[in-house]
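Heads up, the thing below is written out as structure tokens.
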Amino acid sequence: MEALKARYQYLFQSTKGLVLVAIALISLETVFFGMLSGPMAEMGVRDVWVRWTGMQLDPMEREGRIIILYHTIALAVVAIEVYFITGLVKMSERQRANINATITVGYLTSMIFGLWFAYFGHNYIWHGLFIFGQSLVFFAGVMLTVALWPWRKEYRLPPDSPYAHTRGGLDLERLAFFVMAVATLGSAVYGAVAGANFGNGFELFLAEDEVREVTKTTLQLAVIGHLHIMLTLIAIALTLIIGRWVDFKGRIHTVAMVFMIIGTIIITSGVWIIVVYRSIAHIIINVGSTPVLLASVLLTIYTWRRQVRIGLAKKGLTPKEAGFGKKLAALLHDPMPFGATWQMMYMNLVVTAVGIFLAIKLELVREWPWREERITLTGHWHILAGIIATIILLYYADLAGLKGRARRWFGWIVIIGSDAAFAAVTLFSTKRLYVSESAQQPLVNMTIWIADIGLLLVLVMLGLLMAWRLVDLFKGNGRWKEELANPELDVVGKEVDS
Amino acid sequence: MTRLHFHSGKMILFGLLVLLLVAGCNAQPATTEPPPVFDTGIDPNAWAQVPAGSFFMGLHNHEKTIDYDFEMMVTDVTNEQFAAFLNDAIADGSITLGEEGVLGYYPGDKFSGYKHEKEIKAGDWLLFPVDHPDARIQKEGDTFVVKPGYENHPATMVTWFGAWAYCRYYGWRLPLEEEWEKAARGPDGRAFPWGNDVDKSNANYYKSHDPFERPNTVGDTTPVGFYNGKIYNGFQTMNSPSPYGLYDMAGNVWQWTGGVYEKTHLRYLKGGSFMDYAYNLRSWTRNSATPEYFSIAVGFRCVR
């Protein structure tokens, strides 16, 4: 009984345990429902899987199922970020415990009952619990926002602190977290109220299906705004989290945090007003995106310089003593922090650049049938979501204690596998730029193969990581015990970069 | 130890590159062999009556009423029918042969100058491209002829203007979206013309493994009325007409509809095609394209 209690404490009360549970559940959900996706349908796996699991897939309800599926995954990702934030940002132990407990019950309730409702038969109690779980997640967000309040005296930084602060000692990073949390709460309400009120809760649609509607309704605009800003805020939160992981500090930290705060406020404002001022909302969103992207570039510059310094220090060298080759080797010596920030830069190539190109060439895209445009849109945000997932994975693998060769294999396979997949999906989703319909199949086959192999490699790494931690839980004196005893989320490489 | 680390990284990179190359080597040239020939027994000259009455439209099943009876072609217009139209209409001067293809007059759309709206002016517009390698109808001398084996397949590579002109030439018209959806779903709100489930015996969709799918191609059209319960070279189909007896209202080729809407030049297509996953075959799915667009996966049928 004591052994079970200790493991329960680890899995549901410690930051690393909570993150492990959430990642494991997302993995299971991805594998379970990934069986319904295109390639699985092509191979006939989908039909067997549906029969075997007893899923009820009414074609009328596909959009609703997908929306619930996305929400359950997104809620678990939000929970992971909240666990990281409560583990990284100063707050009382009581606040930390309350927030983590509430969001855990919330996302689990939503996930279990939401998926049950969506895929295994309708019982409106399940749907009610799906909504109730989301309400708990929202309430946890309110508690988090209160806990992050940056103007409390005890959270002020001393004048000589290397971390971003005002002359009065206001912690700018904490303010950035706070602004992000407020924006997220408002944006959640924005989607929820619009969906419940204008859509009466039932007239569902996927945003990519509405992109060519000549005049979009208030509901359509609000929902499209909601999903864009939520994904953006998840990315912003993760950038701030990664900043803590690499001990982001110095003047560059101050500039980045100012960019992040201003950018978050401007983007969120732009999205919130899209219902009433659609014509200028996009300009505001683009203006706000610039400082946020610059903040991520500054984080990357800082991280890469730090990684070079750490890598060289491990060989007993200083940056002045090393040439380009040694610096490059030092930068790449640890795939985890390098990879997390590399993925942020890679995103600019496969998401931002493609998005800007298509926006500039919109008249060309609108020459294509809607189905082609839809593929570019779904490719675009699947890649963004995938990049966010790999960054979380790289961070968690470090926290989980991957060391040595396993760490390098894991890190590089996740980076190379996912990036090959994202590049392939980008090619696939923009294929009409390079190839006609009748000649497309070799390109389609090649890109799908690369994407599948790349993602499979990432999933295998994820599976191995989960299996390792599962086996560990059966050990009386495993890593879990050490993590329970030492709940701190360590800065990567701190033993060298003192 | 350092050498070993570097070696490991190189091995990973090398392995991944090999995997990617192997994946890339899957590409094979598309075949140009003629398709298998099947007589489906469904008459492409037949019409089915759709009675006046209410029906459910769209994903959210909004009830609508069409207060008149109309008739719709039982199948898509075939290559044979469209080639005959091209030959007859060019001969009598209704349409002309230009450098880029067959042209026909269209009186133009009302233009509002709305965001992303393109002006469709009165004038000659492309109906059908000539000498396009993907077209199943080719010009031989002064006559349009169908590539052997494709006579009873739906006419593709026809622009909206071409579909509009075809129907008009015979005194018919393109169906409005609501007419099309009622004809496909009937009055009971089903997802597909034959019911609520779909499998490869119902319709031609992406990777549905019909006898016309060839390795490393995007797929192909099936003859009109193919999914009628017959067995073709061992491929068992289910009889899958709509409640009013229309075939191919899901899959095979997207079908142009005739509605012209304010503030947009886009035209709308229904039904899904051999290039789409099955969920796109649901009767309310709405594709759109410019009226000049033509594709190997787009056809049409008329109403009267």
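The values are calculated or read from the model by the stated rules, or taken from the named source; none is laboratory data. Note that the structure is a prediction, hence the values are computed from the model and not measured. Quick reminder, even Gly has a Cβ in these numbers, built from the backbone with ideal geometry, and neighbours come from all protein chains shown.
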* Structure fact -> So, first residue within 13 Å of chain A (Cβ to nearest Cβ) in segment B:108-119, second residue surrounded by 11 or more Cβ atoms within 10 Å (Cβ to Cβ) and among the aromatic types (Phe, Trp, Tyr), Cβ within less than 6 Å, six or more apart or across chains; the pairs are B:119/B:111
* Structure fact -> Turns out the strands (runs of 3 or more DSSP E) fully within segment B:197-295 with at least 2 residues that are over 16 Å from the mean Cα position of the chain (by Cα) and at negative phi are none
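Test residue B:191 against the criterion of being within 18 Å of the chain's Cα centre (by Cα) and within 14 Å of chain A (Cβ to nearest Cβ), and give yes or no. Don't jump to the end; show me each part of the working.
Details: within 18 Å of the chain's Cα centre (by Cα): no; within 14 Å of chain A (Cβ to nearest Cβ): yes.
No: the conditions fail for residue B:191.
Name the one entry in B:78, B:156 that is within 27 Å of residue B:274 (Cα to Cα), crowded, with 19+ Cβ neighbours inside 10 Å and within 14 Å of chain A (Cβ to nearest Cβ). Walk me through it before giving the result.
Working: B:78 fails: within 14 Å of chain A (Cβ to nearest Cβ).
Sole residue among the options that is within 27 Å of residue B:274 (Cα to Cα), crowded, with 19+ Cβ neighbours inside 10 Å and within 14 Å of chain A (Cβ to nearest Cβ): B:156.
Consider residue B:197 carefully, then state whether it is within 10 Å of chain A (Cβ to nearest Cβ) and without any contact (Cβ under 8 Å) to a residue 12 or more places away in the chain. I'd like the intermediate steps shown before the answer.
Working: within 10 Å of chain A (Cβ to nearest Cβ): yes; without any contact (Cβ under 8 Å) to a residue 12 or more places away in the chain: yes.
Against the criterion (within 10 Å of chain A (Cβ to nearest Cβ) and without any contact (Cβ under 8 Å) to a residue 12 or more places away in the chain), residue B:197 qualifies.
Of the residues A:104, A:86, A:30, which is closer than 29 Å to residue B:218 by Cβ and touching a residue at least 40 places away in the same chain (Cβ under 8 Å)? Spell out the reasoning first.
Values: A:104 fails: closer than 29 Å to residue B:218 by Cβ; A:86 fails: closer than 29 Å to residue B:218 by Cβ.
Sole residue among the options that is closer than 29 Å to residue B:218 by Cβ and touching a residue at least 40 places away in the same chain (Cβ under 8 Å): A:30.
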* Can you name every residue in segment A:324-375 that is surrounded by fewer than 15 Cβ atoms within 10 Å (Cβ to Cβ), among the charged types (D, E, K, R) and part of a helix (DSSP H, G or I)? -> A:363
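If we only count helices (runs of 4 or more DSSP H) wholly inside segment A:386-498, which ones have 3 or more residues that are within 14 Å of chain B (Cβ to nearest Cβ) and free of Cβ contacts under 8 Å to residues at least 40 places away in the same chain?
Details: elements: A:404-429, A:441-473, A:479-485.
It comes to A:404-429, A:441-473.
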* Asked: Out of all the residues in segment B:120-142, which are modelled with pLDDT under 95 and more than 22 Å from the chain's Cα centre (by Cα)?
  -> B:140, B:141, B:142
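What are the residues in segment A:37-56 that are closer than 24 Å to residue A:209 by Cα and either modelled with pLDDT under 90 or away from chain B (no Cβ under 14 Å) (or both), if any? Write out each step before concluding.
Here is the first cut: in segment A:37-56, the residues closer than 24 Å to residue A:209 by Cα are A:37-42, A:46, A:56.
A:37, A:38, A:39, A:40, A:41, A:42 - these are the residues of segment A:37-56 that are closer than 24 Å to residue A:209 by Cα and either modelled with pLDDT under 90 or away from chain B (no Cβ under 14 Å) (or both).
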* **Residues that are outside any helix (DSSP H, G or I) and in contact with a helix residue (DSSP H, G or I) (Cβ under 7 Å, 6 or more places away or on another chain), drawn from segment B:57-91** => B:57, B:59, B:64, B:66, B:70, B:72, B:77
* Asked: Can you name the residue in segment A:268-280 that is among the hydrophobic types (A, V, I, L, M, F, W, C) and either in a loop (DSSP other than H, G, I, E, B) or in contact (Cβ under 8 Å) with a residue 40 or more places away in the chain (or both) and is also surrounded by the most Cβ atoms within 10 Å (Cβ to Cβ) among such residues?
  -> A:271
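Somewhere in segment A:170-178, is a residue free of Cβ contacts under 8 Å to residues at least 12 places away in the same chain, away from chain B (no Cβ under 14 Å), more than 19 Å from residue A:229 (Cβ to Cβ) and among the acidic types (Asp, Glu)? I'd like the intermediate steps shown before the answer.
At the first step, the residues of segment A:170-178 found to be free of Cβ contacts under 8 Å to residues at least 12 places away in the same chain are none.
Taking every residue of segment A:170-178 in turn, none turns out to be free of Cβ contacts under 8 Å to residues at least 12 places away in the same chain, away from chain B (no Cβ under 14 Å), more than 19 Å from residue A:229 (Cβ to Cβ) and among the acidic types (Asp, Glu).
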* To do: Check segment B:196-219 and report whether any residue there is within 22 Å of residue A:435 (Cβ to Cβ), surrounded by fewer than 24 Cβ atoms within 10 Å (Cβ to Cβ) and of a type in the set (S, T, N, Q).
  => yes
